[in-house]
Amino acid sequence: MAAGLLPPRDRQPRGGGPDAGGAAAVRAVTGAGRETAVGRETGARPEAGAGAEKGAWPEAGRVGPYRLWGRLGVGAGGSVFVGQARGRGRLVAVKALHGEAEGLGERVAKVRELLAESEVAARCFPAVDGAEAAGERPWVASELVDEPGLEATVVSAGPWPVHAVRALGAALAAGLAAAHRVRLVHGGVRPSHVRVTEDGPRLLDLGTSDLETGVSTRVSDRLRAYTAPEQLAGHRPTPYADVFALAGVLVFALSGHPPSEQESDGRAVRDPALRRLLTRCRSHTLTDRPTAAELSRLLLPDDVDAPPFSALLPPSVREAVARRRSGGPTIG
């Protein structure tokens with residue numbers, strides 16, 4: 001495990017490491033060079049004087065029923081750990097929230113119901129393994145998605161080609177559309193929440209992301225590019241805020257940098273049709289934006305002969321995804 005990601009020596013779990021095969025997985029997930037610092041990815045910073053407390057390793061080395069084996073990162077909304085329930089070999093991502101989690105139980109129940117009923121949503125969002133809304137430190141445990149992050153692939157390998165970005169956006173928009181139909185809003189769509197797999201992109205933190213960014217005007221410069229203007233004004237995120245943010249993610253994937261107010265001048269998005277669509281999604285007039293379902297259709301019209309998602313990826317990204325699946329090092 002990478003230095004700095006282990007718990008303090010006096011708080012390391014006793015009784016051996018993860019179950020068979022788990023130790024290698026933990027090393028892979030938290031190894032040096034991986035995309036481990038959530039705060040670094042998002043630009044989030046704890047409030048002054050609260051960093052040590054918020055990022056601290058839990059006293060018992062556990063969160064709920066999960067023994068913790070490594071820390072994936074610390075962000076504005078919570079600390080994320082690699083965890084493992086007693087008697088189970090499967091590792092999960094455990095997010096210990098920093099503050100109150102109003103409505104968390106209802107949100108988690110909605111996410112579980114959505115993933116059980118919608119195949120599209122189940123392909124897009126990680127499964128929920130457990131949650132606890134009461135107590136001093138609420139938490140959510142979910143499927144550990146260990147594939148490369150979108151942000152790391154773009155930083156390491158450069159911008160993606162248009163056809164790959166269209167496929168990426170169409171899949172994410174379809175997942176968001178399914179969530180919106182059951183009145184779930186993500187509220188924190190950004191590159192660091194997207195993982196790239198052979199079967200398509202996965203979007204992390206559905207149900208908890210807007211606990212970080214929902215009604216706060218205190219947003220870092222890096223997150224501001226993916227935050228709808230109505231959110232910055234203090235309003236709760238709506239489905240249209242998710243569309244605004246997703247368009248920003250696609251601009252980043254296409255150009256290698258976050259979107260700006262000048263993105264419509266052609267320097268960031270060179271494809272004219274895609275530029276017009278993304279400019280519409282980034283409108284400051286909420287109702288001018290398309291729905292997530294419409295955005296998905298416009299990005300990638302139905303085509304029975306379309307190649308699989310993995311075939312559309314840039315070669316270096318495709319190789320990184322394959323290495324991660326086989327347990328080797330990746331670019332993110």
Based on the alpha-carbon set only, what is the convex hull volume of segment 116-239 divided per residue, in Å³? 135
From the phi of every residue in segment 114-124, what ³J(HN,Hα) in whole Hz does the Karplus formula 6.51 cos²θ - 1.76 cosθ + 1.60 yield, where θ is phi - 60° and glycine or proline is x? 4, 5, 6, 9, 10, 5, 4, 5, 5, 6, 8
Amide H contacts under 5 Å for Ala131, restricted to residues at least 5 apart in sequence or on another chain and with H modeled in the peptide plane, are Ala141
Protein-only accessible surface order, largest first, of Val251, Val162 at 1.4 Å: Val162, Val251
Taking placed amide H atoms and a strict 5 Å upper bound, the residues 5 or more places from Val63 or on another chain that come that close are Leu68
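The values are calculated or read from the model by the stated rules, or taken from the named source; none is laboratory data. Bear in mind the structure is a predicted one, so any value in this text is a computation, not a measurement. Just the protein is used for accessible areas: all its heavy atoms, side chains included, with ligands, DNA and RNA removed. Shrake-Rupley method; radii C 1.70, N 1.55, O 1.52, S 1.80 Å.
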